[in-house]
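Student: The structure that follows is given in the form of structure tokens.
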Amino acid sequence: MKDLTVDQWINVASSLLATTVCAVFIATYTLKAPWWISRIGRNLVGFAAAVGLFCLYTVLVSLWPDGCFAVVMRGVRTAAVLAISALMVQRTRLLLQAQREQPPGD
């Protein structure tokens, strides 16, 4: 951990900030609205969770880059990247559906 370079510490710090911001978004949305009842709400929370998990991976694997923990974290990273991809496909479908439902000129 002490052998991280300045650029690696900046990466860890910015990834920790992004993880925190994603968690705050999810907590705020959960307190303010029933996001789980709409497809868009579930997508927003799912995307924030996947991005937050991806950023958390960056923090953890930077601090513990070797051994069994790093192997498990690479699996977590793969799951997060796949979730981000799936959520973006869902988001594209939601966008296209909303475009079809909206009358022209609005």
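The values are calculated or read from the model by the stated rules, or taken from the named source; none is laboratory data. A quick note: this is a predicted structure, and the numbers were derived from the prediction, not measured. Backbone-built Cβ (ideal geometry, glycine too); neighbour counts: all protein chains shown.
Student: Quick one: is V81 loosely packed, with under 11 Cβ neighbours inside 10 Å and not in a loop (DSSP other than H, G, I, E, B)?
Tutor: Against the criterion (loosely packed, with under 11 Cβ neighbours inside 10 Å and not in a loop (DSSP other than H, G, I, E, B)), V81 does not qualify.
Student: Given the criterion crowded, with 18+ Cβ neighbours inside 10 Å and farther than 15 Å from A83 by Cα, identify the matching residue among L56, L60, L31.
Tutor: After applying the criteria, what remains is L60.
Student: Still on this structure: Can you give me the number of residues within region 1-22 that are among the small types (G, A, S) and surrounded by 15 or more Cβ atoms within 10 Å (Cβ to Cβ)?
Tutor: Qualifying residue count, region 1-22: 2.
Yes/no per residue for (1) at pLDDT below 95; (2) within 20 Å of the chain's Cα centre (by Cα):
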{"position": "S15", "(1), (2)": "no, yes"}
{"position": "V51", "(1), (2)": "no, yes"}
{"position": "R74", "(1), (2)": "yes, yes"}
{"position": "R77", "(1), (2)": "yes, yes"}
{"position": "T92", "(1), (2)": "no, yes"}
{"position": "Q102", "(1), (2)": "yes, no"}
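Student: Another question, if that's okay. In region 1-58, which residues are of a type in the set (K, R), free of Cβ contacts under 8 Å to residues at least 40 places away in the same chain and part of a helix (DSSP H, G or I)?
Tutor: Answer for region 1-58, where residues must be of a type in the set (K, R), free of Cβ contacts under 8 Å to residues at least 40 places away in the same chain and part of a helix (DSSP H, G or I): K32, R42.
Student: Restricting attention to region 53-72, report how many residues are over 16 Å from the mean Cα position of the chain (by Cα) and among the hydroxyl-bearing types (S, T, Y).
Tutor: 1
Student: Name the pairs whose Cβ atoms lie under 7 Å apart, with the first residue in region 61-72 and within 13 Å of Q8 (Cβ to Cβ), the second among the charged types (D, E, K, R) and at pLDDT 90 or above, and 6 or more positions between them or separate chains?
Tutor: none
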